[in-house]
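What follows is calculated from the coordinates using simple rules that are stated; it is not laboratory data. Please read all numbers here as calculations on a predicted model, not as lab measurements. Using ideal geometry, Cβ is built from the backbone for each residue, glycine included, and neighbour counts are taken over all protein chains shown.
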Amino acid sequence: MMSALSQHIRVAQTALRRVFASPVSGFLNVVVIGIALSLPAGMYVLLQNAQGLVAQVSGPPQISLFLALDATSDDVAQIRSQLTQHNAINKVVFVSRADALEKLGQSNGLGDVIAGLESNPLPDAFVITPKITNARALDDLRNELQKIPEVELAQLDSAWAYKLEAILEFTRIMVLILASLLSLALIAITFNTIRLQIMTQRDEIQVAKLIGATDAFIRQPFLYFGAMQGLLGGITAWLIITLSLHLLKQPLATLSQLYASNFSLHPLTVSDSVTLMLFSLFLGWMGAWLSVARHLSEIEPR
């Protein structure tokens, strides 16, 4: 087992040396892969930050429940208990009809008009902050609350939620399409690089097959080469994204202060960074595997 492990380590070291055997071309290949990966990954980071900014600007969605004018204190207590025990509700605030009338008079300067009213026309109400933000789920919750006895009206402005979801979904699809196209391009780059290496080492491969080397043994260094090149490209993409976010940090902080906001860009998380590295490694390995499977069988000892 130790001998097999040491063999893999030696092959990996050889593959790493081959990546930069031609320093200029090796460096350029890694940079091209890094730039290509940084585009969809950078868009993903901006999308995640945009979701946080929208949530900060618009605030959490709220549902207002207006009770019937003849609702009693027992009805209010029963509805409050039902709402606080609901799994999809995060916060419940009760606004009595007296408080609502007082706030209306203070906010609109209608104190004299309200003072002349014979009775309070406003109902008791509950302002609910749900745990969910999905537009369809919010609509379902609003419809469910509307059916509670003594609830006259359940009001939710879900138009903004649908618009936000549509924009974010469109952006996600764009990121996915871009990532897919660039992934194919990176596989093609690795495919061509490995093809050139196989053609360059054609005589060595023929000799190795003559002395009994298996295809799996011959294939191994090329697979390590592709994986190593992909991993280095992923590291380069991570560096590009991190540096870009660092350069944008101060200008964004200045802009946020002008608009009285505390918004800041958040970098890739640890899990996102690991995913980026593993994905880039897989792309390099896949390109190498396809190239080796395509061209190695064409080389036979004479």
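Observations, loosely collected:
- The HN-Hα couplings worked out from phi for the range 83-94 by the Karplus form 6.51 cos²θ - 1.76 cosθ + 1.60 (θ = phi - 60°) are 6, 5, 8, 6, 5, 8, 10, 8, 8, 10, 10, 8 Hz, whole numbers, x standing for Gly and Pro.
- Note, ³J(HN,Hα) from phi for the range 134-144, Karplus 6.51, -1.76, 1.60, rounded to Hz, x at Gly and Pro: 5, 4, 5, 5, 5, 4, 4, 5, 4, 5, 5
- Residues of type lysines that K103 reaches as a straight line, Cα spacing below 24 Å, ignoring anything fewer than 8 places off in the same chain: K91
- Karplus-derived 3J(HN,Hα), 6.51/-1.76/1.60, for each residue of the range 182-188, Hz, glycine and proline x: 5, 5, 4, 5, 5, 4, 5
- Placing pseudo-labels 7 Å out from each Cα toward the beta carbon at Q250 and S81 gives an inter-label distance of 6.1 nm.
- Local charge for Q48 was computed over the other residues whose Cβ lies under 11 Å away, with Lys and Arg +1 and Asp and Glu -1, and equals 0.
- Net charge of Cβ neighbours under 12 Å - reference A77; Lys, Arg +1; Asp, Glu -1: -3
- Annotation: amide H of K91 within the under-5 Å range of T129, sequence separation 5 or more or interchain, hydrogens built in the peptide plane.
- Packing around the peptides 42-51, 227-236, 188-197, taken as the average count of other Cβ atoms within 10 Å per residue, puts them in this order, highest first: 227-236, 188-197, 42-51.
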